[in-house]
Amino acid sequence: MMVVRLIKADDHDALRELARKTGPGFTSLQDNDEQVAAKLSSALQTFDPETRPEDALYLFVMEDTETGEVVGISGIEAAVGLNDPWYNYRVGTLVHASRELEVYNQLHTLTITNDHTGYSELCTLFLAPDARHSKHGSLLSKSRFMFMAEFSHLFNEHLIAEMRGYSDENGISPFWEGLGRHFFSLDFSEADKLSSMDKVFIAELMPKNTIYTNLLPEDAQKAIGQTHQNTTPARKLLENEGMRYTGYVDIFDGGPTLVARTDDIRAIQDSHYVKARIDEHPPEGELYLVSSNDFEDFRCCMTALTSVGKHVVTLTPDVAKALNITEGSTVRVVPLSSGRRF
């Protein structure tokens, strides 16, 4: 059974191993000792009483309860851009027209913005390749919504998720090659690595004026708003929950930024409380997310449920153990995908 829980100090080695598997363009968890240590430190500091709520980074790991192996990671930034600038491009349209010359052209543009400053962000979603089955990706991603539903006061009313942009089989980003390289004189992987540690150089080197996309190479234009093939399933999952691409893209690889009102997310809006009854007989049928309501020991599993009364469901002993709950505990539940509810 898989359980998603908050990261702990002794997860460092597992986190480092996951970082070795992420590949180029995965900005928030790279194959870098310093970044991994800093990421874990930030997550642990979240629970320091002196840490401001808006500075919190909630990191979750997916653990196989049978083997103890950590096979995935996901995260939520409580607010972006309040300490370091948060940049992206807004894709716009300008019309150049002349009635006398009978010319009318609609041209797409890129304008650098900080429009999402203060928004909460879904981040750092990565599942080890050999664990990409049995809806584990859905559990790893959507468990964050259960945490946000339980502790909604910790998050902004708007939510974003930056999707990894398109790159070819060699890890080359056509968007970067067509635009960013001209201003940074760096390979994409190097610029991406630097941006994960310090964003100051972005402000120093990025063009401040509007960019006409028709001046970019054709492959760079086509990459705008497109996701990496490994990220496409994660994008579809979030879109099915209510997030949408609204014309904002990453300044490095052109990947889309998805946006939603936090309360409009399906799993947040539809989740609700039930009492748990523990029963040896495994239920069958539709899968649900089930989460505990302990802040520092938050846990979330995926299982079928059986309703045995108004707001009462049965869970197996294995699920109860994974969630660290007992008979009669209150848990939050929601269908893994849109469907009926108790």
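The values are calculated or read from the model by the stated rules, or taken from the named source; none is laboratory data. Here the structure is a predicted model, which means the values were calculated and not measured. FYI the Cβ positions are ideal-geometry reconstructions off the backbone, even for glycines, and counts take in every protein chain you see. We work out accessible area using only protein heavy atoms, side chains counted, and drop any ligands, DNA or RNA first. Shrake-Rupley method; radii C 1.70, N 1.55, O 1.52, S 1.80 Å.
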Residue list for the stretch 140-156, restricted to those being farther than 15 Å from residue 267 by Cα and either touching a Ser or Thr at 6+ places or on another chain (Cβ under 9 Å) or among the acidic types (Asp, Glu) (or both): 154, 155, 156
Among (1) within 24 Å of residue 292 (Cβ to Cβ); (2) modelled with pLDDT of 95 or more - the single one residue 47 does not satisfy: (2)
Residue within the stretch 117-136 that is modelled with pLDDT of 95 or more, part of a helix (DSSP H, G or I) and of a type in the set (S, T, N, Q) present: no
Tabulated pairs, the stretch 129-142, first over 15 Å from residue 286 (Cα atoms), second assigned to a helix (DSSP H, G or I), C-beta under 8 angstrom, 6+ apart or interchain: 137/233; 137/234; 137/237; 141/234; 141/237; 141/238; 142/237; 142/267
Some residue of the stretch 51-68 being touching a Phe, Trp or Tyr at 6+ places or on another chain (Cβ under 8 Å) and of a type in the set (Gly, Ala, Ser): no
Test: residue in the stretch 144-167 that is free of Cβ contacts under 8 Å to residues at least 40 places away in the same chain and not in a helix (DSSP H, G or I): no
So residue 27, is it in a loop (DSSP other than H, G, I, E, B), surrounded by 20 or more Cβ atoms within 10 Å (Cβ to Cβ) and in contact with a helix residue (DSSP H, G or I) (Cβ under 6 Å, 6 or more places away or on another chain): yes
Qualifying residue in the stretch 232-246 (condition: over 18 Å from residue 26 (Cα atoms) and over 15 Å from the mean Cα position of the chain (by Cα)): yes
Within the stretch 2-24, tally of residues that are touching a residue at least 40 places away in the same chain (Cβ under 8 Å), touching a helix residue (DSSP H, G or I) at 6+ places or on another chain (Cβ under 8 Å) and farther than 16 Å from residue 60 by Cβ: 2
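So that you can scan it fast, the table gives a plain yes or no per residue for (1) in a loop (DSSP other than H, G, I, E, B); (2) more than 21 Å from residue 176 (Cβ to Cβ); (3) out of contact with any strand residue (DSSP E or B) (no Cβ under 6 Å at 6 or more places or on another chain); (4) open to solvent by 10 Å² or more (accessible area, probe 1.4 Å):
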| residue | (1), (2), (3), (4) |
| --- | --- |
| 230 | yes, no, yes, yes |
| 235 | no, no, no, yes |
| 246 | no, yes, no, yes |
| 259 | no, yes, no, yes |
Residues of the stretch 33-51 classified as in contact (Cβ under 8 Å) with a residue 40 or more places away in the chain and either acidic (Asp, Glu) or open to solvent by less than 40 Å² (accessible area, probe 1.4 Å) (or both), total: 3
Residues of the stretch 294-336 classified as part of a loop (DSSP other than H, G, I, E, B) and surrounded by fewer than 16 Cβ atoms within 10 Å (Cβ to Cβ), total: 10
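So which residues in the stretch 1-13 are in a helix (DSSP H, G or I) and crowded, with 20+ Cβ neighbours inside 10 Å, if there are any at all? Quick ask: steps written out before the conclusion?
First, pick out the residues of the stretch 1-13 that are in a helix (DSSP H, G or I): 9-13.
The answer is 11, and nothing else.
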Residue list for the stretch 64-86, filter: open to solvent by 40 Å² or more (accessible area, probe 1.4 Å) and in contact with a strand residue (DSSP E or B) (Cβ under 6 Å, 6 or more places away or on another chain): 65, 77
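For residue 18, are the conditions met, namely being farther than 27 Å from residue 261 by Cβ, open to solvent by less than 70 Å² (accessible area, probe 1.4 Å) and either aromatic (Phe, Trp, Tyr) or in contact with a Phe, Trp or Tyr (Cβ under 9 Å, 6 or more places away or on another chain) (or both)?
Judged against the criteria, residue 18 is a match.
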Residues (open to solvent by 60 Å² or more (accessible area, probe 1.4 Å) and more than 32 Å from the chain's Cα centre (by Cα)) located in the stretch 87-102: 95, 96, 97, 99, 100, 101, 102
